[in-house]
Amino acid sequence: QVRLVESGGDLVQPGGSLKLSCTASGIFFSFYSPGWYRQVPGKERELVATIFSDGRTNYADSVKGRFTISRDNAKNTAYLQMNSLKPEDTAVYYCNANWYTTTYWGQGTQVTVSS
């Protein structure tokens, strides 16, 4: 059974930092390209960042220079380091893992940026 489990979501003040983790089980994680998405009520889920199996990364313009995606294949885990957080970063953050046409999703973790 494939599982992706996110953790690290929290309430943080503007300008603060959080690090999200996504741990996979049931897949050969090193073959997959994990990504982070976020969604707020009433809006579509949007891509935040992706890291490919060769280490290349891709970021949404809104988070470039503030967020960093990374992976540790030995731990079957992807990370999202979020710095200089803004209220507009508030959302449920989801991780996924992609390999060709196969995609798995986690259950999401809430990030709230508020004073």
Quiz prompt | Subset of segment 106-115 [open to solvent by less than 60 Å² (accessible area, probe 1.4 Å) and part of a strand (DSSP E or B)] | solution = T109, V111, T112, V113
Quiz item: Going by the conditions given, is V63 surrounded by 18 or more Cβ atoms within 10 Å (Cβ to Cβ), assigned to a strand (DSSP E or B) and in contact (Cβ under 8 Å) with a residue 12 or more places away in the chain?
Solution: no
Quiz item: How about segment 75-100: which of its residues are assigned to a strand (DSSP E or B) and not aliphatic (A, V, I, L, M)?
Solution: T77, Y79, Q81, Y93, Y94, C95, N96, N98, W99
Quiz item: Do we have T103 as under 13 Å from L18 (Cβ atoms), open to solvent by 50 Å² or more (accessible area, probe 1.4 Å) and assigned to a strand (DSSP E or B) here?
Solution: no
Practice problem: Considering only residues that are over 20 Å from G9 (Cα atoms) and open to solvent by 50 Å² or more (accessible area, probe 1.4 Å), look in segment 43-60 and name the one that is farthest from the chain's Cα centre (by Cα). | Solution: D54
Exercise. Please verify whether segment 91-98 includes one or more residues that are in contact with a Cys (Cβ under 9 Å, 6 or more places away or on another chain), aliphatic (A, V, I, L, M) and either farther than 20 Å from S17 by Cβ or modelled with pLDDT of 95 or more (or both).
Key: yes
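The values are calculated or read from the model by the stated rules, or taken from the named source; none is laboratory data. All of these numbers come straight from a predicted model, not from anything done at the bench. Don't worry about glycine lacking a Cβ; one is built from the backbone with ideal geometry, like all the others, and counts go over all protein chains shown. Protein only, heavy atoms only, side chains kept; ligands, DNA and RNA dropped before computing areas. Shrake-Rupley method; radii C 1.70, N 1.55, O 1.52, S 1.80 Å.
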